[in-house]
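What follows is one structure encoded as structure tokens, with my remarks underneath.
The values are calculated or read from the model by the stated rules, or taken from the named source; none is laboratory data. Everything numeric here is computed off the predicted structure, so don't read it as measured data. In this analysis, Cβ positions are derived from the backbone assuming ideal geometry, glycine residues included, and neighbour counts consider all displayed protein chains. Remember, those area values only see protein heavy atoms, side chains included, never the ligands or the DNA or RNA. Shrake-Rupley method; radii C 1.70, N 1.55, O 1.52, S 1.80 Å.
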Amino acid sequence: MAGVKRPVDVVEDRNGKRSKTKQGSASKKSKPAAPVKKASSKKEDKKKDDKKRPSKKKVQDSSEDEDEDDFDIDDVDEIPEDDVDMEDVSEEEDASEEEDASEEGKSVKKDDKQQKAADQAKSNASRESHAKQKALQQERKAAKPNADQIARSKKLWEQLRRKSHVKLEDRKKLVKELFEIITDRVRDFVFKHDSVRVIQTALKYGNLEQRKQIAQELKGSYKDLAQSRYAKFLIGKLIVHGDSETRDMIIPEFYGHVKRLIRHPEASWILDDIYRTVATKEQKIRLLREWYGPEFVIFQDEKNPTADLSKIISDNPEKRSPIMQFLHELINGLIQKKSSGFTMLHDAMLQYFLATKPGSTEATEFIELLKGDDEGDLVKNLAFTQSGSRLMSLALAYANAKDRKLLLRFYRDTIKAMAGDLNGHLVLLAAYEVIDDTKLTAKSIFSELLNQNESEETRNEELCYQVNDLTARIPVLHPFAGDRVKWLLPDADQEVLKEVREIRNETSKKEPATRRLELVKAASPTLLALIAARADTLLESTFGCQFIGEVLFEADGDKAAALSSVAQAAKNKSETRDSASVGRLLKSLVQGGRFNADTKSVEKVEPALNFHDLLYEEISDEVMEWATGANTFVIVALTESDDFSKKHELLKTLKKNKKALEKASVSSKDEKKPGPTSSGAKILLQKL
């Protein structure tokens, strides 16, 4: 059997080496290899394998042929003429590859053109589709009732809302045209998200009669408006721009629906805003009574209406159980829904807590309800309303030490906001009064309130702002001043704190005086450092002077740097030293204590401040300017001080300038009564 013909490589290609191949190709020309596909299906691979795999019979024949024809490269003397040179094959392959690449490039360009044409066709089809949809939408809008009027009113609204671009005369014309369109059609406009803005603009620019006209058209539908996502804001506009007659028209429509509306996601905020801002006392009572049960919705006490739950229960003891159960379920439902920011809810919670007996199961469960909010949103919201802050103050007073710690922990990161709030600061004062663990109080409150974690510059800047704010200064100064001064605490705070102090007699163990001294000790270093660094700034305001006096008299620690800074600022700040507040402060510091009006004497602090020596060192060259100036009583205090070491030197200076004192003691003819300068000069002349 003849052997299989295979190509033979020349000597140059083999580099002089022999090679044997068991099997070769019989073709003379080799075509360029087709590009290999990286991924092919399993079925295709299987078919190719089946084609390539020879049968058993073919394998046997091949082996027999190899045995018969044992080929060796040494037996070949010459290369047959018909064999193809490999260089020629390579050139043919390169040419073939170039032709294939050219054809492939033409094919790709053709495909790109076809793809672009297809994309363009799709884009055109999409535009046509959108145009058809828009036309269909316009047809649907045109088919709706009042379509033309709404379209025109929206154009007017577009002009009116740009207030700075419309002249007053033009605006009046536009408003007149707008009211011509919406008159008797207000109900058709208010329940649509776009046209309701037209009515709001009409309310904004219309006169009182036009606003009443809109309110009258909407009479009977305010409950539905409150539940609408967009129309609810219209009620707010009516309340803001309307009068008492409009208010009394709207609020009664909510009677009998409070339970439903307060749980509604849209209406609840409008109802609470009305209750908090514009409702009268009688209207508030009527709305709050509906929290106590269905009976209070149907039957109304026209003679003596009251929302005081404790009084209602005392008058009707048999109704206590159903009222408390109904109220607790409503309160708990809103808390579970995370709707804890309503003032009406806080009022209802306070009434519930006041109606419980201290130490009872109801009171304990209520405190657990306050603690149950893991995020603390409930107690935070309560702190910023009048009823809520009173409720939290009482809760802190009645709670045990563990519960107080947990409740106080909720207020992390909100201490500064509470300190500056009209209601929130009361919760901090209650914490001062009842928490026995003063280290916990200092760590939880003072670290944020006094900016102890900030840099010195930032801390002093922020504290200067706080002590000059009417409300924010209260939590800062309360440990030092307490309720001794009348100018610090409002009357409402005094009443709540009085109630808290009565409760703490049974719930707290530490003596109030000991608790206060420990708080003062914790706050003193920060505040004394503030006075030492910013005395000149603090002397510029009355609040700053009051702050300096209370801290220097009550603080615990080294006060030398702070006193020295005040003395230097008194000399350097010539434009502020003549103010009455600076004069009162310097006089009291020189005297070494506060003046007691009852005993007509000065109550000196221990240890002694010795401020008179520091001040005289600074103003010794300006004694006569002070003696004949607006704050002459500072010099009078120096002459009356028994422990002032340079008192003799001061009197000697005054004697030398006796004529100046005599001149200053003469009152002006225009003055009906002697001023402080003349009065002080007369006293100094008597001392001489």
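Looking at residue 550, is it over 17 Å from residue 460 (Cα atoms) and open to solvent by 20 Å² or more (accessible area, probe 1.4 Å)? It is false that residue 550 is over 17 Å from residue 460 (Cα atoms) and open to solvent by 20 Å² or more (accessible area, probe 1.4 Å). Checking 600, 647, 604 one by one, the residue that is among the charged types (D, E, K, R) and touching a Gly at 6+ places or on another chain (Cβ under 7 Å) is 604 and no other.
Residue count for the range 510-536 satisfying the condition of being surrounded by fewer than 18 Cβ atoms within 10 Å (Cβ to Cβ) and not hydrophobic (A, V, I, L, M, F, W, C): 7.
Among the candidates 340, 389, which residue alone is assigned to a helix (DSSP H, G or I) and of a type in the set (Ser, Thr, Tyr)? Residue meeting the stated conditions: 389. Within the range 440-461, if we keep just the residues that are part of a helix (DSSP H, G or I) and in contact (Cβ under 8 Å) with a residue 40 or more places away in the chain, the residue that is farthest from residue 501 (Cα to Cα) turns out to be 456. Scanning for something modelled with pLDDT under 90, of a type in the set (Phe, Trp, Tyr) and closer than 22 Å to residue 174 by Cα, does the range 227-244 turn up at least one residue? No - not one qualifying residue is present in the range 227-244.
Would you check which residues across the range 488-506 are open to solvent by less than 100 Å² (accessible area, probe 1.4 Å) and either more than 17 Å from residue 471 (Cα to Cα) or part of a helix (DSSP H, G or I) (or both) and list them? Before the answer, list the steps.
Applying the first criterion (open to solvent by less than 100 Å² (accessible area, probe 1.4 Å)) to the range 488-506 yields 488-490, 492-494, 496-497, 499-501, 503-504.
492, 493, 494, 496, 497, 499, 500, 501, 503, 504 - these are the residues of the range 488-506 that are open to solvent by less than 100 Å² (accessible area, probe 1.4 Å) and either more than 17 Å from residue 471 (Cα to Cα) or part of a helix (DSSP H, G or I) (or both).
Just one of the numbered conditions (1) in a helix (DSSP H, G or I); (2) modelled with pLDDT of 95 or more; (3) not small (Gly, Ala, Ser) is not true of residue 402: (2).
Here residue 175 meets the list (1) in contact with a Pro (Cβ under 8 Å, 6 or more places away or on another chain); (2) open to solvent by less than 20 Å² (accessible area, probe 1.4 Å); (3) of a type outside the set (Gly, Ala, Ser) almost entirely, failing just condition (1).
When each of 313, 285 is tested for being open to solvent by less than 90 Å² (accessible area, probe 1.4 Å) and touching a residue at least 24 places away in the same chain (Cβ under 8 Å), the lone residue that passes is 313.
May I ask you to list the residues in the range 606-623 that are within 10 Å of residue 568 (Cα to Cα) and open to solvent by 60 Å² or more (accessible area, probe 1.4 Å)?
First, pick out the residues of the range 606-623 that are within 10 Å of residue 568 (Cα to Cα): 614-615, 617-619.
Correct list: 617 only.
The set of residues from the range 566-603 being among the basic types (Lys, Arg), within 41 Å of the chain's Cα centre (by Cα) and open to solvent by 50 Å² or more (accessible area, probe 1.4 Å) comprises just one member, 584.
Kindly indicate whether residue 486 is closer than 18 Å to residue 394 by Cβ, among the basic types (Lys, Arg) and without any contact (Cβ under 8 Å) to a residue 24 or more places away in the chain. Step through it out loud before you land on a result.
Working: closer than 18 Å to residue 394 by Cβ: no; among the basic types (Lys, Arg): yes; without any contact (Cβ under 8 Å) to a residue 24 or more places away in the chain: yes.
For residue 486, the condition - closer than 18 Å to residue 394 by Cβ, among the basic types (Lys, Arg) and without any contact (Cβ under 8 Å) to a residue 24 or more places away in the chain - is not met.
Applying the condition of being within 17 Å of residue 424 (Cα to Cα) and assigned to a loop (DSSP other than H, G, I, E, B) to the range 462-486 and asking which residue is most open to solvent (accessible area, probe 1.4 Å) yields 470.
Residue-wise test of (1) open to solvent by 30 Å² or more (accessible area, probe 1.4 Å); (2) farther than 23 Å from residue 508 by Cα; (3) modelled with pLDDT under 95; (4) of a type outside the set (S, T, N, Q).
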residue: 371; (1), (2), (3), (4): yes, no, yes, yes
residue: 391; (1), (2), (3), (4): no, no, no, yes
residue: 395; (1), (2), (3), (4): no, no, no, yes
residue: 409; (1), (2), (3), (4): yes, no, yes, yes
residue: 413; (1), (2), (3), (4): yes, yes, yes, yes
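Per the conditions (1) in contact with a helix residue (DSSP H, G or I) (Cβ under 7 Å, 6 or more places away or on another chain); (2) loosely packed, with under 13 Cβ neighbours inside 10 Å, the sole criterion not satisfied by residue 290 is (2). Residue-level check: of (1) modelled with pLDDT under 90; (2) closer than 21 Å to residue 683 by Cα, residue 599 misses just (2). Taking (1) closer than 29 Å to residue 312 by Cα; (2) in contact with a helix residue (DSSP H, G or I) (Cβ under 9 Å, 6 or more places away or on another chain); (3) open to solvent by 20 Å² or more (accessible area, probe 1.4 Å); (4) in a helix (DSSP H, G or I) in turn, residue 358 satisfies each apart from (4). The helices (runs of 4 or more DSSP H) found wholly in the range 246-296 and carrying at least 2 residues that are within 19 Å of residue 227 (Cβ to Cβ) occupy 258-262, 267-277.
Got at least one residue in the range 375-385 being at pLDDT 95 or above, among the hydroxyl-bearing types (Ser, Thr, Tyr) and assigned to a helix (DSSP H, G or I)? Looking through the range 375-385, none of the residues is at pLDDT 95 or above, among the hydroxyl-bearing types (Ser, Thr, Tyr) and assigned to a helix (DSSP H, G or I). Put simply, of 223, 219, 212 the only residue that is farther than 27 Å from residue 387 by Cα, open to solvent by 40 Å² or more (accessible area, probe 1.4 Å) and part of a helix (DSSP H, G or I) is 212.
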